[in-house]
1. Before rounding to the nearest 500, sum -39500 (n - 2.57) across all DSSP H runs of length at least 4 in the chain and divide by the residue total; then give [θ] at 222 nm in deg cm²/dmol.
2. Report, as a whole number in µm² per second, the diffusion coefficient that Stokes-Einstein gives for segment 65-144 at 37 °C and 0.692 mPa s using the Kirkwood radius over alpha carbon pairs.
3. Can you tell which of ALA48, ALA223, ALA130 shows the greatest fluctuation in a Gaussian network model of the chain with Cα springs below 10 Å?
4. Would you please calculate the Kirkwood hydrodynamic radius of segment 190-278 over all C-alpha pairs and express it in Å, rounded to one decimal?
5. Give the carbon-plus-sulfur fraction of the accessible surface of segment 120-278 in %, rounded to a whole number; probe 1.4 Å, heavy atoms of protein chains only.
6. What are the extents of the Cα atoms of segment 1-57 along their three principal axes, listed from largest to smallest and rounded to whole Å?
7. Taking segment 103-165, which trypsin sites (Lys or Arg not before Pro) meet the DSSP loop condition and have no more than 10 other C-beta atoms within 10 Å?
8. Along its three principal axes, how long is segment 128-278 when you only count alpha carbons? Whole Å, largest extent first please.
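The values are calculated or read from the model by the stated rules, or taken from the named source; none is laboratory data. All values derive from a computational prediction rather than experimental measurement. Cβ atoms come from the backbone with ideal geometry, glycine included; neighbour counts cover every protein chain shown. Accessible surface is based on the protein model in full, side chains and every heavy atom, while ligands, DNA and RNA are left aside. Shrake-Rupley method; radii C 1.70, N 1.55, O 1.52, S 1.80 Å.
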Amino acid sequence: MLTTAEWTRIRPGIKKFVHIWTPDAAPTANVAIVHGLGEHGGRYHRLAQSFVESGFCVTAFDQQGHGRSSEVRGQIASYDSMLTDIESFLDWNRVKFAGIPQVLFGHSMGGNLVINYALRTFVQPHRVIASSPMIEQVRPPSAGFVRLARIALWLAPNLKLRSKVVPERLMNDPTEQELLRSDELFHSQVTLRLGGALLDTGAWALNNAERLKTPMLLSHGTADTMTSPIASAEFARRAGDACRLEILEGFFHDPFRDLARQKAIDMYVAFIGESVGR
């Protein structure tokens, strides 16, 4: 396996810190990863290794306000600009890895983004995987809090909210928990602009699920205390045949970092493999 991580121009005037994992032989599919809130592309190294072992090349980039990006932690220009970044990243991947199927993978916040990307008029990848997407929170904020937050959003969109991240609530693998604790690039900061956008676009995706045309695998663990598996199931119901729902019994928020992660990874690999006729 070959790995690189460097600043890359994904479109004129726009550079992102891009992580690339490639097999020794010619790859059969390209998996482009969109990471979750507080994360960065490098946190997907172990998942990328599994994909590479299956013959796929994998890429990920550090999103606005995350990882090695130049923005203030948790701060974005706009939600639409995040979708445009994904569009540019996929375009860049199509040139670098031409002639093979492309799969867009997003987890948590990234799951919200890839779902919203798939529902819009962008050029689509061959397939989409949404892992534990942020469609709704398990415990949605109260109506009163939302009203106050919207007033604050209008006055100070870059005001930050912080939350305490408890690794044991994300995955049950002690090794993965320690990797998170020691990750100096991980953060738990989100601006009102980003937080509000995730709530609004999660609701929009649910109300527009019937627009989905790109084949999608939507997976969610029943023990997720962050994002709602019930909302994922409802999205899949409304999306119809285009969306394949996989509810993972007993899995936490990061199923590919759980002790039983091979079940989730095998499911992803099989879905990606269908795009290359396996």
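1. Estimated from H runs of four or more residues: -11000 deg cm²/dmol.
2. The diffusion coefficient I find is 233 µm²/s.
3. Sorting by GNM fluctuation, first place goes to ALA223.
4. Final number for the Kirkwood radius of segment 190-278 is 14.3 Å.
5. So the carbon and sulfur contribution to the accessible surface is 57 percent.
6. Computed over segment 1-57, the largest-to-smallest principal extents equal 33, 26, 16 Å.
7. Taking segment 103-165 and a limit of 10 other Cβ atoms within 10 Å, the loop trypsin sites (Lys or Arg not before Pro) found are LYS164.
8. 53, 40, 24
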